[in-house]
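Q: Okay, handing you the structure first.
The values are calculated or read from the model by the stated rules, or taken from the named source; none is laboratory data. As the structure is a prediction and not an experimental result, all values here were calculated from the model. Cβ: placed from backbone, ideal geometry, glycine included. Neighbour counts: every protein chain shown. Each accessible area value is taken on the protein alone, full model and side chains, heavy atoms only, with ligands, DNA and RNA left out. Shrake-Rupley method; radii C 1.70, N 1.55, O 1.52, S 1.80 Å.
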Amino acid sequence: MLASEVVIFRQFVDDGLGCGSYLVGDENEGTAVVVDPAFAIEQYLDEAARNDVKLVGVLETHTHADHLSGHGRLALDHGCAVHIHRAAEAVYTHEPLDDGTTVELGDVSIRAIHTPGHRPEHCALAVTDRSRGDEPWLVLTGDSLLVGDAARPDLAVAPREGAADLFESLRRLAELPDGVEVFPGHVAGSLCGASMSSKVSTTIGFERRFNNALTIDDRDRFVELSIGGSTLRPPNMERIVELNRGAFVGTQPPLERLDGDDGATILDVRDVRSFIDGHAHGAINVPVDGSSFATKCAFLFAPDEGVVVHARTEAEAQLAAQGLRSVALLELAGYQLAPQGDERLAPIELDEVERLLAAGEVEVLDVREKEERDDGYIAGTRHIPYRLLRVCGDRVGERPVVTICNTGSRAAIAASVLAASGVDARPVLGTGVPDWQHRGGHTVEFRRCGS
């Protein structure tokens, strides 16, 4: 939390989704607002209680496409007014944020700066501590200016239109004084940018000097560079946008312990080693302690799919439920502990993969993304990203399947998906294609014309 005699400021970062949210308040007046809240609002309630302030509002920089907002819970359960730019066309009751609109919290003033590009309604929020002066102290840039990058312009409008608007919006932000601190809505790990730094904050002066998005003066060149590439779109995006723009989504029923699975899809969130040593028939393994748990689940499960969580402990099950709800996977039937272990998954070493592949006895499936595979793949392997296997898995299985990625994490998920559908699948764990290359294994690099 930043130090100030008046301003209460706290950043919250969801490392799995790469999302940042904020609590801003005035200690003397005893009020605060939350900016871009996650669906798990307990963290803001706890922080408000620690600082003895009342939450009175929510400010949304835009309608989010990668996570379910907690604004509905804060409005319905805690009486918070929600503020968002009118271009969002929000269905829920809200106070419009126009360019220049200020939200006052005692000596703390929050001014909206309309910064379209990522979405038409997008606003950055300049925070001023009037007890210190009239210039902004910090700016919450949402999905506009990021640390070392800028937001992608292709999720809500035509990419060229979004990029052109983003170019102008970034120039507006660059007019702020050098010392203004920048706190973005996304950090490394998010799908809403391409080259974000792992740092969670910066300054206008630093970004003006070193951020390529601010050093490019020609709008046409900026547009061309911004629309290049093929970054994945956030999973479940259309549903998340619909929920975030529609009627308030309130607190969900508590996750209850079950005796059976009731026909729901089984999501085993234990670590990989526990899963391969024994799991329930048909279970899909996405470890909750792994990277990007929620995003991976949103790629794999349908929005209306009933899910039962298998976990080691109640705390692990509840953590998984929090992650699933963060990406609008709300059909959670309950959880089970110590699931029956009547099925196994046998990992395989690279030496054996090499031998079996050469003999034509297995089909090796590269489950990485296209850009990773283009940098080098094992000759003779097929390519299906792990996130597509629940819809494309019927294309494999005539021979035993080996799944491989870079480190083993996605290979394990992929093997569990295939095994759940009856395919004889074995993952390469703890290693992958880079190690295959380092040991001298034959790989092929793909280059497109002109590259």
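Q: Quick check for you: with a 1.4 Å probe and neighbouring chains kept, what is the accessible area per residue of the chain, in Å²?
A: Heavy-atom accessible area per residue stands at 42 Å².
Q: If amide hydrogens are placed 1.01 Å from N in the peptide plane, which non-local residues have theirs closer than 5 Å to the one on Val58?
A: It is Val34, Ala81, Val82, His83, by chain and number.
Q: Out of every Cα pair in the chain, what percent are spaced more than 38 Å from each other?
A: It works out to 30 percent of all Cα pairs.
Q: Could you pull out the longest piece of the chain with no exposed loop trypsin sites (Lys or Arg not before Pro) in it, calling a site exposed if DSSP puts it outside H, G, I, E, B and it has at most 16 other Cβ atoms within 10 Å?
A: 1-129
Q: Enumerate by residue number the GluC sites (Glu not before Pro) in the stretch 342-451 meeting two conditions: DSSP loop (anything except H, G, I, E, B), and at most 16 other Cβ atoms within 10 Å of the site's Cβ.
A: Those that pass, being in a loop and sparsely packed, are Glu349, Glu361, Glu398, Glu445.
Q: Considering amide H positions built from the backbone, and no H for Pro or chain starts, which residues 5 or more places from His383, or on another chain, come under 5 Å of its amide H?
A: Asp366
Q: What's the magnitude of the charge dipole for the stretch 1-159 around its Cα centre, counting Lys and Arg as +1 and Asp and Glu as -1 at the beta-carbon? Answer in Debye, nearest 20.
A: The calculated dipole for the stretch 1-159 is roughly 180 debye.
Q: Would you mind working out the magnitude of the charge dipole of the chain relative to its Cα centre, with +1 at each Lys and Arg C-beta and -1 at each Asp and Glu C-beta, to the nearest 20 Debye?
A: So the magnitude is around 880 debye.
Q: Which residues' amide hydrogens lie under 5 Å from the amide hydrogen of Asp268, considering only partners 5 or more residues apart or on another chain, with H built in the peptide plane?
A: HN-HN under 5 Å from Asp268: Ile284, Asn285, Val286, His310.
Q: Could you work out the Kirkwood radius for the stretch 317-451, taking every pair of different alpha carbons, averaging 1/r and inverting it, reported in Å?
A: For the stretch 317-451, the Kirkwood estimate is 16.2 Å.
Q: Got a sec to turn the phi values of the stretch 284-297 into Karplus ³J(HN,Hα) couplings, 6.51 cos²θ - 1.76 cosθ + 1.60 with θ = phi - 60°, whole Hz, x for Gly and Pro?
A: Karplus-based 3J(HN,Hα) across the stretch 284-297 equals 10, 9, 10, x, 5, 8, x, 6, 6, 3, 5, 4, 4, 5 Hz.
Q: Now, a different point. I need the phi-derived Karplus couplings for the stretch 429-439: 6.51 cos²θ - 1.76 cosθ + 1.60, θ = phi - 60°, integer Hz, Gly and Pro marked x.
A: Result, ordered by residue: 9, x, 7, x, 4, x, 5, 4, 5, 5, 8 Hz.
Q: Please give the per residue volume of the convex hull enclosing the alpha carbon atoms of the stretch 73-214, rounded to a whole number of Å³.
A: Dividing the Cα hull volume of the stretch 73-214 by its residue count gives 119 Å³.
Q: Still on this structure, I have one more. Across the stretch 248-254, in residue order, what do the Karplus-derived ³J(HN,Hα) couplings come to in whole Hz, using 6.51 cos²θ - 1.76 cosθ + 1.60 with θ = phi - 60° and x for Gly and Pro?
A: Per-residue couplings from phi come out as 3, 9, x, 4, 8, x, x Hz.
Q: Run the dipole for the stretch 322-402 about the Cα centre, Lys and Arg Cβ at +1, Asp and Glu Cβ at -1, nothing else charged, and hand back the magnitude in debye, nearest 20.
A: 380 debye
Q: What lysines could a cross-link reach from Lys296, if we take a straight Cα to Cα line under 29 Å and drop same-chain neighbours fewer than 8 places away?
A: The reachable lysines, counting only those whose Cα sits under 29 Å from Lys296, are Lys199, Lys370.
Q: Would you mind telling me the share, in percent, of accessible area of the chain contributed by carbon and sulfur at probe 1.4 angstrom?
A: On the chain, the fraction of accessible area on carbon and sulfur atoms equals 46 percent.
Q: Moving on. In whole angstrom, how long is each semi-axis of the equivalent ellipsoid of the stretch 241-395, when you take the square root of 5 times every eigenvalue of its Cα gyration tensor and sort them from largest down?
A: One finds semi-axes of 32, 21, 12 Å for the stretch 241-395.
Q: For the pair Glu314 and Ala302, how long in nm is the line joining their label points, each one 7 Å along Cα→Cβ?
A: Result: 3.3 nm between the two label points.
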